[in-house]
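Student: Before I ask anything, here is the structure I am working with.
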Amino acid sequence: MNAAPDENFTLETLLAVRHWSDKLVSFRLSRPAGFRFIPGQFARLGLPQGTGKLWRAYSMVSAPWDDYLEFFSILVPDGQFTSRLKAMQAGDTLLLDNKANGFFTADRLPNAQQLWLLATGTGLAPYLSILQQPELWQRFEHIVLVHGVREAGDLAYQAEIAALRSHPLWAGHGHKLIYLPVVTRHAPAGMLDARIPALIDDGRLAAAAGLRPSPEHSRFMVCGNPQMVASTFAALVKQGYSLSRLKSPGQIVLENGW
């Protein structure tokens, strides 16, 4: 639906809702024909609240060519936004800001042998979009997706991640993807079971991937709750990595997300 001339948002229709658990949900919205984004960016979604509007930022899960927009959200108990989102069904509507935002994109990192995508919780969302860039599979020899959660039931999108290996747009490169789920409570046998910063410190993350990370050969994207992002960044800095900036390319880009 088109925006009014004096508005900078559109009213979009909820197409589908998927509840992964009582605290995690994915949902798809209709996509305006003119809405563009770079994988890794986020959209602002809104709901009416009194005489105003309540806005929240969500990273896109969907590919840039999809005709819908998909998002992955935690359901915060008594949260102003997500308590209403939890009750929504297909056919309901949300507001969508006309412009995507954010700089958590893979093009901020120089080419290298390894790309490490480190996430906790719904911090997985931008990577599901980033991994649908055909050029990404050519830029790196190894792509390691690490998803840390508290309980095994929170490991969403496993089938979709597995399907990435056989996608026709990067046929012949799917073997580059290494998926490492991490569960910190009651982990299944053989699965990594500590917080991501600790797994970096003690070398278990690298060993599980079968790789030897180094500032010369490795690049890192980090997305999750703010404490995880800060702790992971500190762990990487101790090993000689640095933040990537426009005027000074490094090995790390960061995004706080849930």
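Student: Here is a list of conditions, (1) within 28 Å of His173 (Cα to Cα); (2) touching a residue at least 40 places away in the same chain (Cβ under 8 Å); (3) of a type outside the set (D, E, K, R), and Asn111 meets all of them except one; can you say which number that is?
Tutor: Every listed condition holds for Asn111 apart from (2).
Student: Quick test for you: out of Arg44, Arg84, Arg31, pick the one residue that is surrounded by fewer than 19 Cβ atoms within 10 Å (Cβ to Cβ), within 14 Å of Ala100 (Cβ to Cβ) and either charged (D, E, K, R) or not assigned by TED's automatic domain parsing to the domain that holds Ala152 (or both).
Tutor: Answer to the check: Arg44.
Student: So, one more: Name the single residue that is surrounded by the fewest Cβ atoms within 10 Å (Cβ to Cβ) among those in the stretch 232-257 being in a loop (DSSP other than H, G, I, E, B) and touching a strand residue (DSSP E or B) at 6+ places or on another chain (Cβ under 7 Å).
Tutor: This residue is Ser242.
Student: Return the residues of the stretch 129-141 that are within 21 Å of Val229 (Cβ to Cβ) and assigned to a loop (DSSP other than H, G, I, E, B); say none if nothing qualifies.
Tutor: Correct list: Leu131 only.
Student: Could you run through the stretch 52-70 and say how many residues are within 15 Å of Gly34 (Cβ to Cβ), in a strand (DSSP E or B) and hydrophobic (A, V, I, L, M, F, W, C)?
Tutor: 1
Student: Residue under question is Asp78, and the condition is that it be out of contact with any Phe, Trp or Tyr (no Cβ under 9 Å at 6 or more places or on another chain), free of Cβ contacts under 8 Å to residues at least 24 places away in the same chain, assigned to a loop (DSSP other than H, G, I, E, B) and acidic (Asp, Glu); does it hold?
Tutor: Yes: the conditions hold for Asp78.
Student: Could you tell me whether any residue of the stretch 142-162 is assigned to a loop (DSSP other than H, G, I, E, B), in contact with a strand residue (DSSP E or B) (Cβ under 8 Å, 6 or more places away or on another chain) and over 23 Å from Arg195 (Cα atoms)? Can you show your working first?
Tutor: Pass one, the stretch 142-162, residues assigned to a loop (DSSP other than H, G, I, E, B): 150-151, 155-157.
Remaining after also requiring in contact with a strand residue (DSSP E or B) (Cβ under 8 Å, 6 or more places away or on another chain): 150-151, 155-157.
Add one more test, that the residue is over 23 Å from Arg195 (Cα atoms), and what stays is none.
Checked the stretch 142-162: no residue is assigned to a loop (DSSP other than H, G, I, E, B), in contact with a strand residue (DSSP E or B) (Cβ under 8 Å, 6 or more places away or on another chain) and over 23 Å from Arg195 (Cα atoms).
Student: Can you tell which of Val229, Val182, Val222 is assigned to a helix (DSSP H, G or I), in contact (Cβ under 8 Å) with a residue 12 or more places away in the chain and crowded, with 19+ Cβ neighbours inside 10 Å?
Tutor: Numbers: Val182 fails: assigned to a helix (DSSP H, G or I); Val222 fails: assigned to a helix (DSSP H, G or I).
After applying the criteria, what remains is Val229.
The values are calculated or read from the model by the stated rules, or taken from the named source; none is laboratory data. Predicted model, so just to flag it, every value in this text is computed and none were measured. Glycine also receives a Cβ, built like all others from the backbone with ideal geometry; neighbour counts cover every protein chain displayed.
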